[in-house]
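Quick notes on the structure that follows.
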Amino acid sequence: MGLRAGEYSYLDERGHVYLDYTGSGLPSRHQLRAHAERVAGGCFGNPHSENPTSLAATALVERARAAILSFFNAPSDEYAVIFTANATGACRLVGEAYPFGPGTRLVLTSDNHNSVNGIREYARTRGAAVTTVGLVGPELRVDDGELLAALDSRTPGLLAFPAQSNFTGVRHPLRWVAEARDRGYDVLLDAAAFVPTNRLDLSVVQPDFVPVSWYKVFGYPTGVGCLIARREALARLVRPWFAGGTIKAVSALGNWHVLNEDETAFEDGTLNFHSIPDVEVGLSWIAAIGIEAIHSHVTALTGALLTRLQALRHRNGVPFVQLYGPATMRDRGATVAFNFRTPSGDVVDEREVARAASAAGISLRTGCFCNPGAGERAFSIDEDLLAGPYFHADLTLDDYLHALGLPSGGAIRVSLGLASNLTDIDRFLDFATTTYLNREPDYAGLAPRLRC
């Protein structure tokens with residue numbers, strides 16, 4: 001309670017209910033003060049030089065690298081930190097430089113963010129096989145046997161999966177990392193939705209590539225992410241281009257270049273040197289609270305939310321909520337996806353819920369959350385329909401929904417974080433039941449719009 005009142009008081013001062021921590025964390029006032037004091041009290045310049053302001057910025061950037069390795073318990077002789085704009089940028093670095101080709105394979109889970117799904121385009125272009133492993137059961141988990149069978153040691157390559165689903169909150173088995181590497185595969189472990197509320201120890205779990213967006217962990221700064229990479233795996237990547245900051249020598253007339261020999265070979269242009277030091281501040285903030293304490297806090301709140309959602313019924317007995325993903329806290333995080341149902345059992349269009357929630361001062365997420373595989377399985381969409389050529393046409397959202405036989409464009413996602421409390425859950429459920437329980441939704445003025 002004291003933490004919320006002191007550091008996140010802007011929520012209650014504005015009467016706002018924030019339920020989109022999987023989209024972004026929230027900054028504490030401490031973090032914002034630290035940024036202002038550092039920038040106002042110092043002088044920092046482009047790190048690519050030896051002058052005083054450059055060296056001051058370089059020192060802070062290198063401190064942030066060290067803080068990240070410490071946070072993940074990653075030995076500096078084994079892992080490197082490459083700063084990017086976000087987790088998406090980290091995934092792109094791997095996709096564009098990974099040595100895909102005939103005789104190699106990219107294995108994806110259906111439950112993946114589009115930033116990971118996009119790697120398949122690099123793989124296909126270079127002649128690699130692409131295998132996507134499906135989801136099974138009402139909890140929408142990856143078929144363990146199918147995944148291990150897909151890791152054919154005769155065609156090794158890259159396995160990419162999320163530690164935690166950004167759609168359903170499912171936590172996938174981290175043992176897949178070791179099992180894939182034993183079969184000769186490199187592993188990209190998308191940690192963007194996992195690390196805000198869970199400890200990831202890279203001395204125990206040893207993926208080759210770990211994309212992270214820091215705003216998802218502690219809200220500030222935006223525009224800074226990183227790729228944490230095993231140095232051994234990093235050495236196998238082949239960059240398709242070079243840029244300022246990535247090279248130690250280059251000739252325009254001679255048509256040659258020599259890349260840097262360390263992680264800076266992957267950091268294009270000038271780093272965000274005014275914001276990267278804020279990562280160290282954010283990590284110190286999380287450490288002061290305790291990642292285990294954050295984990296326990298959001299686990300308890302999510303359990304309460306799940307229990308209360310599933311207990312709701314219309315007066316005729318029809319369940320009020322259609323849940324997508326685990327109904328209990330077993331191997332799941334603080335991300336909950338669902339739809340409301342009408343007394344007749346129809347799905348309430350999530351676009352109407354987004355409109356009404358916004359009017360009530362509630363920030364939640366609706367749509368498919370850039371995770372089409374989980375959405376396709378959650379809504380039981382026929383694979384033959386998804387392969388239809390008409391989906392490449394310029395259609396409206398309602399055209400797509402009609403073709404797929406869907407009543408809505410996606411789901412509602414509520415996600416909790418370190419500043420969440422029971423009052424947030426109470427206010428959300430009060431909004432939900434007052435607006436939709438035992439009622440038919442009002443779709444007047446609802447315009448279709450296409451979102452990922």
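The values are calculated or read from the model by the stated rules, or taken from the named source; none is laboratory data. If you're wondering where the values come from, they're calculated on a predicted model, not measured in any experiment. Every residue, glycine among them, receives a Cβ derived from its backbone with ideal geometry; neighbour counts consider all protein chains shown. Accessible surface is based on the protein model in full, side chains and every heavy atom, while ligands, DNA and RNA are left aside. Shrake-Rupley method; radii C 1.70, N 1.55, O 1.52, S 1.80 Å.
Given the condition of a type in the set (G, A, S), closer than 22 Å to A163 by Cα and under 19 Å from the mean Cα position of the chain (by Cα), answer yes or no: does some residue in region 294-316 qualify?
No, region 294-316 contains no residue that is of a type in the set (G, A, S), closer than 22 Å to A163 by Cα and under 19 Å from the mean Cα position of the chain (by Cα).
Name the residue, out of T125, T155, T131, that is at pLDDT 95 or above, of a type outside the set (G, A, S) and under 16 Å from D186 (Cβ atoms).
T131
Can you tell me how many residues within region 222-236 are within 14 Å of V187 (Cβ to Cβ), out of contact with any Ser or Thr (no Cβ under 8 Å at 6 or more places or on another chain) and not β-branched (V, I, T)?
Here is the first cut: in region 222-236, the residues within 14 Å of V187 (Cβ to Cβ) are 227-230, 232-234, 236.
Still in the running and out of contact with any Ser or Thr (no Cβ under 8 Å at 6 or more places or on another chain): 228-230, 232-234, 236.
Filter again for not β-branched (V, I, T), leaving 229-230, 232-234, 236.
Residues in region 222-236 being within 14 Å of V187 (Cβ to Cβ), out of contact with any Ser or Thr (no Cβ under 8 Å at 6 or more places or on another chain) and not β-branched (V, I, T): 6 in total.
What pairs come out if I take residues in region 237-258 that are under 25 Å from R126 (Cα atoms) and pair them with residues that are hydroxyl-bearing (S, T, Y) and surrounded by fewer than 10 Cβ atoms within 10 Å (Cβ to Cβ) whose C-beta lies under 8 Å away, six or more apart or interchain?
Note: pairs meeting the criteria are H257/S251.
Return the residue satisfying two criteria in turn: it lies in region 95-140 and is in contact with a helix residue (DSSP H, G or I) (Cβ under 9 Å, 6 or more places away or on another chain) and of a type in the set (D, E, K, R), and of such residues it is least open to solvent (accessible area, probe 1.4 Å).
The residue in question is D111.
Which numbered condition trips up A374, out of (1) in a helix (DSSP H, G or I); (2) modelled with pLDDT of 95 or more; (3) touching a Phe, Trp or Tyr at 6+ places or on another chain (Cβ under 6 Å)?
(2)
Could you tell me which residue of region 259-295 is surrounded by the fewest Cβ atoms within 10 Å (Cβ to Cβ), considering only residues that are closer than 30 Å to R330 by Cβ and touching a Leu at 6+ places or on another chain (Cβ under 7 Å)?
I289
With the condition kept exactly as written, say whether any residue in region 21-38 is within 28 Å of L140 (Cβ to Cβ), surrounded by 19 or more Cβ atoms within 10 Å (Cβ to Cβ) and of a type in the set (V, I, T). First the steps, then the outcome.
Going residue by residue through region 21-38, those that are within 28 Å of L140 (Cβ to Cβ) are 21-26.
Filter once more, so that each one left must be surrounded by 19 or more Cβ atoms within 10 Å (Cβ to Cβ): 21-22, 24-26.
Of the ones still in play, those that are also of a type in the set (V, I, T) are 22.
Yes.
Could you check, for region 61-71, whether at least one of its residues is of a type outside the set (A, V, I, L, M) and farther than 30 Å from V116 by Cβ?
Scanning region 61-71 turns up no residue that is of a type outside the set (A, V, I, L, M) and farther than 30 Å from V116 by Cβ.
Give the residues of region 1-22 that are farther than 11 Å from S363 by Cα and touching a Ser or Thr at 6+ places or on another chain (Cβ under 7 Å), sorted by residue number.
E7, Y8, T22, listed by residue number.
Could you please find all residues in region 246-280 being within 21 Å of the chain's Cα centre (by Cα) and among the hydrophobic types (A, V, I, L, M, F, W, C)?
Answer for region 246-280, where residues must be within 21 Å of the chain's Cα centre (by Cα) and among the hydrophobic types (A, V, I, L, M, F, W, C): I276, V279.
When you go through D384, D442, D424 one by one, which is the residue that is at pLDDT 65 or above and loosely packed, with under 13 Cβ neighbours inside 10 Å? Don't jump to the end; show me each part of the working.
Working: D384 fails: at pLDDT 65 or above; D424 fails: loosely packed, with under 13 Cβ neighbours inside 10 Å.
Going through D384, D442, D424 in turn, just one is at pLDDT 65 or above and loosely packed, with under 13 Cβ neighbours inside 10 Å: D442.
Which ranges mark the helices (runs of 4 or more DSSP H) fully within region 1-93 that have 1 or more residues being among the basic types (K, R)? If you could, list the steps in order and put the result at the bottom.
Working: elements: 2-7, 9-13, 29-41, 52-71.
Fully inside region 1-93 and qualifying: 2-7, 29-41, 52-71.
Six or more apart or on different chains, Cβ atoms under 6 Å: show the pairs whose first residue is in region 154-165 and more than 13 Å from T132 (Cβ to Cβ) and aromatic (F, W, Y) and whose second is in a loop (DSSP other than H, G, I, E, B) and modelled with pLDDT of 95 or more.
Pairs that qualify, where the first residue is more than 13 Å from T132 (Cβ to Cβ) and aromatic (F, W, Y) and the partner is in a loop (DSSP other than H, G, I, E, B) and modelled with pLDDT of 95 or more: there are none.
Regarding R92, is this residue over 19 Å from the mean Cα position of the chain (by Cα) and of a type in the set (K, R)?
no
Do we find that D20 is within 25 Å of the chain's Cα centre (by Cα) and within 27 Å of V116 (Cα to Cα) in this structure?
yes
Assess whether R332 counts as being charged (D, E, K, R), under 26 Å from D12 (Cβ atoms) and touching a residue at least 60 places away in the same chain (Cβ under 8 Å).
no
Being over 18 Å from the mean Cα position of the chain (by Cα) and open to solvent by 10 Å² or more (accessible area, probe 1.4 Å), is that true of even one residue in region 335-342?
Yes; the residues of region 335-342 include at least one that is over 18 Å from the mean Cα position of the chain (by Cα) and open to solvent by 10 Å² or more (accessible area, probe 1.4 Å).
Can you tell me which residues in region 202-258 are surrounded by fewer than 18 Cβ atoms within 10 Å (Cβ to Cβ), assigned to a strand (DSSP E or B) and not charged (D, E, K, R)?
Residues satisfying the conditions are I247, A249, V250, S251, W256, H257, V258.
Being in contact with a helix residue (DSSP H, G or I) (Cβ under 7 Å, 6 or more places away or on another chain) and part of a strand (DSSP E or B) is the filter; apply it to region 141-161 and report the residue that is surrounded by the fewest Cβ atoms within 10 Å (Cβ to Cβ). Spell out the reasoning first.
Taking region 141-161 as the starting set, the residues that turn out to be in contact with a helix residue (DSSP H, G or I) (Cβ under 7 Å, 6 or more places away or on another chain) are 147-148, 151, 159-161.
Next cut, part of a strand (DSSP E or B) only: 159-161.
Details: L159: 28, A160: 30, F161: 26.
Top of the filtered list is F161.
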